[in-house]
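Report on the structure given below.
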Amino acid sequence: VARAGGRRMTAMSNDLRTRRTRLAALVVVLLTFIADQASKYWVLNHTSLPDGDRISVLPVFDFVLTWNMGISYGLFQQHEALGRWLLIGLTALATVLLAVWLWRSRDRLIASLALALIIGGALGNLVDRVVFGGVVDFLYLHYGSFSWYVFNLADCAIVAGVGALLYESLRLRPH
């Protein structure tokens, strides 16, 4: 009898941990999405970037407004309505699949939060595609002749999430 009660308590503890992990992931999705959209709103409505200006923040970092009509790193640029809506559909499908993965993941806080960062970033870029026809990018890193792509907070969240998933998958765990 004591053994069965112990298993029931363990199952209840695991359920509570899973619910807490899902709640934490939802909070991360919302915070990521809000931070991304707020930063883009600020760039578009409270800076001179839409007028073509460049704001130098550090010797290696500027704010520069660009519109990404493709996917990561400007690949597959789409200037036609069909291509735009295909990218929107692909992004929406990927986001739904990631959300299913997140929902099914059990007791893996790092993996859940990593997926939440990716989902929040994907949703931020998805909204841009629907509202503006392209993604608002404005963060620009450069040094000497080296120049990185212009990106946004959603892209940062996606990269951080992918990095955390890679870490989680390569981390040694006791059996």
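Going highest first, how would you order 156-162, 140-146 by mean Cβ packing within 10 Å?
Peptide ranking by packing, descending: 156-162, 140-146.
Where the accessible area of segment 125-175 is counted over protein heavy atoms with a 1.4 Å probe, how much of it, in %, is carbon and sulfur?
The nonpolar share, carbon plus sulfur, comes to 71 percent.
I'd like the trypsin sites (Lys or Arg not before Pro) in segment 80-175 restricted to DSSP loop residues with at most 16 other Cβ atoms within 10 Å, sorted by number.
Taking segment 80-175 and a limit of 16 other Cβ atoms within 10 Å, the loop trypsin sites (Lys or Arg not before Pro) found are R106, R108, R171.
Work out from phi, with θ = phi - 60° and the Karplus expression 6.51 cos²θ - 1.76 cosθ + 1.60, the ³J(HN,Hα) of each residue of segment 59-67, listed in order in whole Hz, and give x for Gly and Pro.
Running phi through 6.51 cos²θ - 1.76 cosθ + 1.60 with θ = phi - 60° gives x, 10, 9, 10, 9, 9, 7, 9, 10 Hz.
Compute the distance in nm between two label points, each set 7 Å from the Cα along the Cα-to-Cβ direction, one at F61 and one at L141.
1.0 nm
Where the only charges are on Cβ atoms (+1 Lys, Arg; -1 Asp, Glu), what is the dipole of segment 19-175 about its Cα centre, to the nearest 20 debye?
920 debye
The values are calculated or read from the model by the stated rules, or taken from the named source; none is laboratory data. Computed from a predicted structure; not experimentally measured. Every residue, glycine as well, gets a Cβ built from its backbone with ideal geometry; the counts of neighbours run over all protein chains shown. Surface accessibility is based on the protein's heavy atoms, side chains included, excluding ligands, DNA and RNA. Shrake-Rupley method; radii C 1.70, N 1.55, O 1.52, S 1.80 Å.
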